[in-house]
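S.K.: Before I ask anything, let me first share the structure, which is written out below as C-alpha cells.
The values are calculated or read from the model by the stated rules, or taken from the named source; none is laboratory data. The model shown is predicted, which means the values in this text are computed figures rather than measured ones. Heads up, the Cβs are rebuilt from the backbone with ideal geometry, glycines too, and the neighbour counts pull from every protein chain shown.
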Amino acid sequence: MEITYLKGVGPQKAERYKKLGIETVEQLAEHYPRGYVDFTEPQRICDAEIGETCVIKATVQHKTYPSNYGGRVLVFKALLTDGLGEITAVFFNAKFTFDTLSIGKEYVFCGKVTGDPFNLQLASPQFVAPENAGLLPKYPLTKGLSNTVVTKDVKTALKEVKRAETFPPEITGKYKLMGADEAMRSIHFPKTRAEYEAARKRLVFEELLTLKLGLSQLKNRGRSLSGAVMSDVDMNAFYNSLPFVPTNAQMSAVSDCLNDMKRLCPMNRLIQGDVGSGKTMVAAATAYFAAKNGFTTLVMAPTEVLAHQHYETFSGFLKPLGIKLGILSGSMTAAEKREARTAAKSGEIDVLIGTHALIQKSLEISRLGLVVVDEQHRFGVGQRSALAEKSESSPHILAMSATPIPRTLALIMYGDLDVSVINEMPKGRIPVKTYAVDSSFHTRVYNFIKKYIAAGKQAFIVCPRVEVNENDASDKKSAIEYYNKLTANEFKGIPTGLLYGKMKQSDKDAVMNDFRDNKLKLLISTTVIEVGIDVPNAVVMLIENAEQFGLSQLHQLRGRVGRGKDESFCILMTDNKSEYTRARMQAMKETADGYKIADIDLRLRGPGNFFGREQSGLPPMKVADLADDADVLGEVETLSEEILKTDARLERSGHEGLKANVQRLFGNVDEFGWN
C-alpha cells in the first residue's frame, strides 16, 4: 500500500519519506530504529553525574513559565523530585511539550545533566509515563522528518501491516526465534531489553540466512551449466618469459584457476592477497591459458587509472607471447570505443581491459571465456553477473582483491565465490617503515623527501580531497591547493605532478607516464593511487590528514611504496589526538600484515564503514552487524548448507517464505535460474 494512503501522511511528507527509500506502508513498518533511549532502568537523582546522560523517575513538583514571551529564547522550567533529591528540567522554546507535564504526576525523564552540585538541571529531557517506560526508538531521519513524527507514523503503519511468517516451524523452534510479525513490532517499541534482544535476534538471523542462501545460490548457479570448458596448455612459455620466479602461493593460485577452467561448470573464484603479493601475474596466467584455448578474456578495473595500469602490466606479460590486447574506458573518444568494440566482436582481441564500460550492452565479445574483476569489493554480484551475460556459455569468473577482509565479512562478501589466498610475498620485499607525526614535523618531512629525491628516488604525497570546500572550515589538505603551495615554495624547481580522479584520462596518463619514467620526482595525489600504481623507484609516501582514512585504506596507500629493493617509508601526518586516531596510527606502525590491520579496522569502525555502501556490492542490511553478529553468522552458515543440500532451489513445502526473502533481497532472480 502506498504510503500516501496512511493516515497523517500527505504528498509532501511522502516525498520526504522517499528520500529514506520508503514509498509504501510496508516499507515504513520495516524502517527499524538505529538506536534507543532506554527508560527501563532509572537511577536516583542524587546519583546523577554532571555531564552524563541519565534516566530518572520523578514527580513534577512545580512549573515555571518564562516571564518575557518577547524574547528570542523562551525557557520553561519544571522542578522534579524523587523523594531523595531534586533536579530542574529545562526546556527551550518548547511550550507544547512543557504543557503536557502535569504537576503532581510522575514521569520517567531522560536527558543530559548540567548545572552544578547545588543546582542540578536536566537539559531538554525526553519523558514518558511510567507505564510506557520501555526503549524509545531513534529512527534514521531526513530533513523535515523528526523522530516524533516518524514514531507516530510507524505506530499507525503497524496497525495496517501484518508480517507473514517466512520460517518453517522447525527453524523457529530449533533456534528459539520470535515470530516474524512479533519481531517486527517488538523491534520498534520493546518494553524491556530482553524483548529487544529477542526481536533483534530474529531479524538478524533472517537477514543473514537470506543473504547466505542467496549468495550460495549465486555460487552454485552455474554448476549445471556448460561453461567455456578448456583443455590443458603448456604453460612453460608463459612462466619462462617472466622476469621473476613466481612464489609457491602464486603457482598454487594459478593451479586452482586452471583446474576450475577445465571443468564442465564455470569457475567462480576469488584470488585474495595482500598488497604486492602478485595477483596480477595470476590473472595474466589465466588469460594466457584462455587465449591458448581460443577464448577471449575481459579484465574489469574500478578506475581508469587502474585499467590503464593493468593494460600496461598485462601487455608486458602477454604481448611478447603473441597475445593481442585492447582497452575500453569511458574517457576514450567515440571512434576509439567503436574500434575497440569492433575488434572485440570480430575476435581480433584476446584480452580486453576496461572499467564499467565493459558492462554496456553495446559490447559484444567473440568467444568470451574468462572475466577478471579487480578490486572485487568495489563490484557487486549484479555487476559480475552483467559481465558474465556477455556470453551464452557462462564464462569463468576470476575476482581479485588486494583488500584483506576479516573472516566474518569474507563469508558474506565473497559468499558466492571459491577463494584462493596468496599468503606469500615475493622474495626480497623489504617492509615499509611507518611513522605517525603531527604537522609540526612538516619541515623535517619535506627535507626527508627532498633528500631521497636528490638521491634519484621518488615520492608520493596523498591528500584527502581534491580542492578546498568553502563551506568546510577544517584544515583538511586539498591536493590542488597543496600542489600550488609546494611547487611555489618547499619543492620549487623539483618536477612535481598532480593526480586526481576527475582529471581527463589523457592528463592522468601523461602524469603517470612521466612519474613512471622518473621525469616527475614527486606526485601529489588523492586516493586515486590507492590501488594498482606500481613505481618501484618511489620510496617515500606522506599521507596528509591521515585520520581521514580508514586503516585498510591507509594500508593500501602504503602499498604504493616498498615495491622495489630499496628501503621505503610511509609517514602518517595528523594533528588529531583522539583515542580512535591514536589506536589506528599505532596499528599502522606495529604491523604490515593486511589481515591483522583489517581485523583491527573492523573492530574499530564496524562493517558499516569498513567499505562504504557503494563499494560493498552487497544488498543492504537493516539490522545485522557483521562485526557483532559473528556467532549468528556461524549458525546461519551451517543452516544454509543443510537447507540447500536437500532443497537447492528452495521448492519444498515450508520453504516458500525463504525463497520469497531471497527474491526480495536480491531482486533479479533470473540469476538463480528460478524463472
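S.K.: So is ARG603 of a type in the set (Lys, Arg) and within 18 Å of the chain's Cα centre (by Cα) or not?
M.R.: Spelling it out, ARG603 is indeed of a type in the set (Lys, Arg) and within 18 Å of the chain's Cα centre (by Cα).
S.K.: Which of the helices (runs of 4 or more DSSP H) contained wholly in the range 120-205 include at least 1 residues that are closer than 15 Å to HIS31 by Cβ and at pLDDT 90 or above?
M.R.: 147-160, 180-188
S.K.: Also, quick follow-up: Quick one: is ILE187 surrounded by 15 or more Cβ atoms within 10 Å (Cβ to Cβ), within 29 Å of ALA14 (Cβ to Cβ) and aliphatic (A, V, I, L, M)?
M.R.: yes
S.K.: Of all residues in the range 55-91, how many are without any contact (Cβ under 8 Å) to a residue 60 or more places away in the chain and in a strand (DSSP E or B)?
M.R.: Residues that pass the stated criteria total 21.
S.K.: For ALA253, indicate whether it is surrounded by fewer than 19 Cβ atoms within 10 Å (Cβ to Cβ) and either of a type in the set (A, V, I, L, M) or in a helix (DSSP H, G or I) (or both).
M.R.: no
S.K.: Looking at PHE96, PHE109 in this structure, which one is farther than 16 Å from THR64 by Cβ and outside any strand (DSSP E or B)?
M.R.: Answer to the selection: PHE96.
S.K.: Would you mind stating whether LEU258 is closer than 30 Å to SER329 by Cβ and in contact with a Leu (Cβ under 6 Å, 6 or more places away or on another chain)?
M.R.: no
S.K.: Of the numbered conditions (1) outside the structural domain of LEU101 (by TED's automatic domain parsing); (2) in contact (Cβ under 8 Å) with a residue 24 or more places away in the chain, GLU2 fails exactly one; give the number of that condition.
M.R.: The failed condition is (2).
S.K.: Any idea how many residues of the range 309-346 are within 17 Å of ILE365 (Cβ to Cβ), free of Cβ contacts under 8 Å to residues at least 40 places away in the same chain and surrounded by 13 or more Cβ atoms within 10 Å (Cβ to Cβ)?
M.R.: Result for the range 309-346: 13.
S.K.: PRO246 - would you say it is farther than 30 Å from THR638 by Cα, in a loop (DSSP other than H, G, I, E, B) and modelled with pLDDT of 85 or more?
M.R.: yes
S.K.: Considering only residues that are on the phi < 0 side of the Ramachandran plot and exposed (fewer than 14 other Cβ atoms within 10 Å of the Cβ), look in the range 16-34 and name the one that is nearest to the chain's Cα centre (by Cα).
M.R.: Filtering first and then ranking leaves ARG34.
S.K.: Oh, and also: Determine whether SER478 is in contact with a Gly (Cβ under 9 Å, 6 or more places away or on another chain) and at pLDDT below 90.
M.R.: It is false that SER478 is in contact with a Gly (Cβ under 9 Å, 6 or more places away or on another chain) and at pLDDT below 90.
S.K.: Residue check: is PHE109 of a type outside the set (D, E, K, R) and either touching a residue at least 60 places away in the same chain (Cβ under 8 Å) or under 30 Å from ILE187 (Cβ atoms) (or both)?
M.R.: Answer is yes for this residue.
S.K.: Taking the conditions exactly as written (over 30 Å from GLY654 (Cα atoms) and either in contact (Cβ under 8 Å) with a residue 12 or more places away in the chain or surrounded by fewer than 14 Cβ atoms within 10 Å (Cβ to Cβ) (or both)), does VAL161 satisfy them or not?
M.R.: no
S.K.: Would you kindly identify the helices (runs of 4 or more DSSP H) lying entirely within the range 558-634 that contain at least 3 residues that are among the hydrophobic types (A, V, I, L, M, F, W, C) and either surrounded by fewer than 16 Cβ atoms within 10 Å (Cβ to Cβ) or at pLDDT below 85 (or both)?
M.R.: Those helices (runs of 4 or more DSSP H) span 594-605.
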